[in-house]
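Notes for the one structure printed next.
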Amino acid sequence: MSRLSFPEQVRAITLLAEGMSLRAVSRTTGIHRTTLMNLA
């Protein structure tokens, strides 16, 4: 099981805070939707 690095986490949270949808952030970063939901 791999973990997201801190910069990857910051980038994903920043994109979500800017108003991008969960699915759009998932497509942009390559991070699975469920992982993003757990991160948020």
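Taken together, the values in this text are just the output of simple stated rules run on the coordinates, not laboratory data. Quick caveat: nothing in here was measured; it's all calculated off a predicted structure. Note that we place each Cβ from the backbone using ideal geometry, even for glycine, and neighbour counts take in every protein chain shown.
Taking the number of Cβ atoms within 10 Å of each Cβ as an exposure proxy, the fewest-first ranking of 25, 10 is 10, 25. Taking every DSSP helix (H) stretch of at least 4 residues in the chain, weighting each as -39,500 (n - 2.57) and dividing the sum by the residue count yields a mean residue ellipticity at 222 nm of -19000 deg cm²/dmol.
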